[in-house]
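Q: Shown below is the structure under consideration.
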Amino acid sequence: MAVVERLDPARTVGIDMLFEDTSTKRRVLATNPATRIDMRDAAHALFARDGKAVSVIRDSGGFVTQRVVASIVNIASDMCQQRICSPQDLETAVTLGLAYPMGPLAMGNLLGPDSILEVLFNLQTVYGDPRYRPSPWLRRRGAIGLSLMHTED
C-alpha cells in the first residue's frame, strides 16, 4: 500500500482503523518488509502515549481482526442468503450459543457493511482466494445502505 500511495516504505507503518470508533482496548500497527525499526518504534511510542496498548504485526494482506470479523460477517450473510436461518435466529444462536457480545450481523452493521466489503474485496484482490468473495446478501445490503438484519419477506 505504501508504494500505491507513493510513500517511502521504509518510513511507513499501517494502523488498523476499523475498530477505532468502538471501545477497543488495543491499537494494531502493521509494518511492511522495508519498515525501519526506528520508524516502527516511533509509531509504537506515538500511538501508546495515551495509555492504550499497541501491538505490531507483520506485513500481510490485512489486519488480523479485520480478516476474522469480515470472514465471520460474510459467512453469516451467506447463511442468511441461503435461508438456512433468519438474521434474528442467527444473531440469537451466536450470542447465546457462542457467548459473543453481539451477533455477526449486528457487528457488521456497527462497523458498516461497506467497511466489511472493502476488507473482503482487498483480501480477495491480494490472495485471489474465493473464500473472501463477498456474499450477495452482504453486497446488496452494502450497496443500498440496508441493515444486515433486514429480511425480504
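The values are calculated or read from the model by the stated rules, or taken from the named source; none is laboratory data. Values in this document were obtained by computation on a predicted structure and should not be read as measured data. We place every Cβ from the backbone using ideal geometry, glycine too, and count neighbours over all the protein chains shown.
Q: Quick check: anything in segment 41-51 of a type outside the set (D, E, K, R) and in contact (Cβ under 8 Å) with a residue 60 or more places away in the chain?
A: no
Q: Can I ask one more? Inside segment 12-54, can you point out the residues that are over 23 Å from Y132 (Cβ atoms), modelled with pLDDT of 90 or more and polar (S, T, N, Q)?
A: Across segment 12-54, the qualifying residues are T12, T35.
Q: Tell me, which residue of segment 78-102 that is aliphatic (A, V, I, L, M) and assigned to a helix (DSSP H, G or I) is surrounded by the most Cβ atoms within 10 Å (Cβ to Cβ)?
A: Here the residue is L90.
Q: How about segment 140-153: which of its residues are under 16 Å from R83 (Cα atoms), under 18 Å from the mean Cα position of the chain (by Cα) and assigned to a helix (DSSP H, G or I)?
A: R141, the sole residue that qualifies.
Q: Looking at segment 107-145 only, could you name the residues that are among the hydrophobic types (A, V, I, L, M, F, W, C), touching a residue at least 12 places away in the same chain (Cβ under 8 Å) and out of contact with any helix residue (DSSP H, G or I) (no Cβ under 6 Å at 6 or more places or on another chain)?
A: M107, L110, L111, F121, V126
Q: Would you tally the residues in segment 44-64 being among the acidic types (D, E) and loosely packed, with under 13 Cβ neighbours inside 10 Å?
A: 1
Q: With the checklist (1) modelled with pLDDT under 95; (2) surrounded by fewer than 17 Cβ atoms within 10 Å (Cβ to Cβ); (3) within 30 Å of V4 (Cβ to Cβ) in hand, flag the one item I75 doesn't pass.
A: (1)
Q: Determine whether segment 145-152 contains at least one residue that is farther than 19 Å from L18 by Cβ, β-branched (V, I, T) and either modelled with pLDDT of 90 or more or in contact with a strand residue (DSSP E or B) (Cβ under 7 Å, 6 or more places away or on another chain) (or both).
A: No, that holds for no residue.
Q: If a residue has to be outside any helix (DSSP H, G or I), surrounded by 16 or more Cβ atoms within 10 Å (Cβ to Cβ) and in contact with a helix residue (DSSP H, G or I) (Cβ under 8 Å, 6 or more places away or on another chain) to count, how many in segment 26-43 make the cut?
A: Selection size over segment 26-43: 6.
Q: Scan segment 125-137 and tell me whether some residue there is under 30 Å from D41 (Cβ atoms) and either out of contact with any strand residue (DSSP E or B) (no Cβ under 9 Å at 6 or more places or on another chain) or in the same structural domain as N32 (by TED's automatic domain parsing) (or both).
A: Yes, some residue in segment 125-137 is under 30 Å from D41 (Cβ atoms) and either out of contact with any strand residue (DSSP E or B) (no Cβ under 9 Å at 6 or more places or on another chain) or in the same structural domain as N32 (by TED's automatic domain parsing) (or both).
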